[in-house]
Each structure stands twice: as structure tokens, then as C-alpha cells.
Amino acid sequence: MYEGVVQDLIDELGRLPGIGPKSAQRIAFHLLAADPIDVRRLAEVLVQVKDKMRFCEECGNVAEEERCRICRDARRDPSVLCVVEEPKDVVAIERTREYRGRYHVLGGAISPIEGIGPDDLRVRELIQRLADGTVREVILATDPNLEGEATATYLARMLGPMGLRVTRLASGLPVGGDLEYADEVTLGRAFEGRRLLDA
């Protein structure tokens, strides 16, 4: 235990996701040793992000305005909707420069262990977006883990009767990986998603 505000800082940093007690302590002491101007700049950015940023009213992505830049972009294909768990997933897909449709951010994944059900996600908003018939394909791009699979299965069952084309991102072996290190689920997916090679 440290004195006063140092311990308060360590405690607050430790509340952040992925930051354990040791990391929180390391960051706190880094900030103590840093130039005051750098620390002040960090503090200002933290305040600004809370004041200026919000979630897009249409897709749930982070935005500075009511609608994010992707939803405002008239060049995006409105007939294809990619459903992701978090805004960081939008960034990951955008980096590929392969996708030109729109997004829907759920705000998480179904996780009974953590007490997160479909009503805790932006599923209702998704159904409302699909009601006008503009979207013809929904791509389920949830994480390839237990929670992501449960979420994708739930959504596929809900969306199936709507007459939409519902697809799931392919998953399998990573490039540069070794078969011996692949888990059973990943290897099984790789077999399911195998494709014909042209001779």
C-alpha cells in the first residue's frame, strides 16, 4: 500500500480491463516520473473523450457526431450489414479494406456466466434496422470463441425467418501457424471451411 493519491491512482488504473495490480503500479510510477506536460495532456484527452465522444445512433460505433463517419458515407453499400461485438472490431475489419458495407455494433456478446443475455445487447436495434428491407445480407462477425459463437447462433436463428442471407466469417488456421498447436475447434472449423484449389 502506498500513501494517499498514489494508491488511489493505482486502484483506479487497476479497474481498467486488462490491467492487473502489477501493471497498474507500473503505469502509476511511469506517470509519476513523466513530464508534467505529458501527464496533463493525457488528462485532457481523457476528459475530452468523455465530453466529445458518443455512440453512433444508427450502428453503435464510436462517433463525434450523432452518426459515425461510416454511416454518413453514401458510398457504403447499405444492402450489406456486418454485425460485430465492439467498436474495436469495426476498426479491425476496416484495416483490411475488403469490406464496403455498413456495420452494427452489438456492444458485447451473449455470456450467461457474466449475466449478459440478448436483451443486454443492441439486438432490438438490429431488428429495427432490418425492418425496412434495405439490407439483403447480414454478416455475423462475432469473435470465434464460446460467447461469440453463442451470439452468432442466436442471431442466425432470429434472422433466418426474415428471408435475409445470413453469413458467418470463415475461421480456421492462422497463416504461419502449425497444425500441432491448433485446438480442436479451430482445426474442425478449418476442415468445415476447406475450399477447392484450382489446378
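The values are calculated or read from the model by the stated rules, or taken from the named source; none is laboratory data. Every value quoted in this text rests on a predicted model; they were computed, and no experiment measured them. Counting neighbours? That spans all protein chains shown, and the Cβs are built from the backbone with ideal geometry, glycine included.
Assorted remarks:
- Listed by position, the helices (runs of 4 or more DSSP H) enclosed by segment 1-114 that each have at least 3 residues that are surrounded by fewer than 14 Cβ atoms within 10 Å (Cβ to Cβ) and over 15 Å from the mean Cα position of the chain (by Cα) are 4-14, 21-33, 36-52.
- Segment 159-194, residues that are surrounded by 15 or more Cβ atoms within 10 Å (Cβ to Cβ) and among the basic types (Lys, Arg): ARG168, ARG189
- Matching entry among VAL166, VAL80 (being over 21 Å from PHE55 (Cα atoms) and at pLDDT 90 or above): VAL166
- Test: residue in segment 129-145 that is within 21 Å of CYS59 (Cα to Cα), in the same structural domain as ALA92 (by TED's automatic domain parsing) and part of a helix (DSSP H, G or I): yes
- Lone qualifier among VAL185, VAL123 - being of a type in the set (A, V, I, L, M, F, W, C), in the same structural domain as VAL84 (by TED's automatic domain parsing) and in contact with a helix residue (DSSP H, G or I) (Cβ under 9 Å, 6 or more places away or on another chain): VAL123
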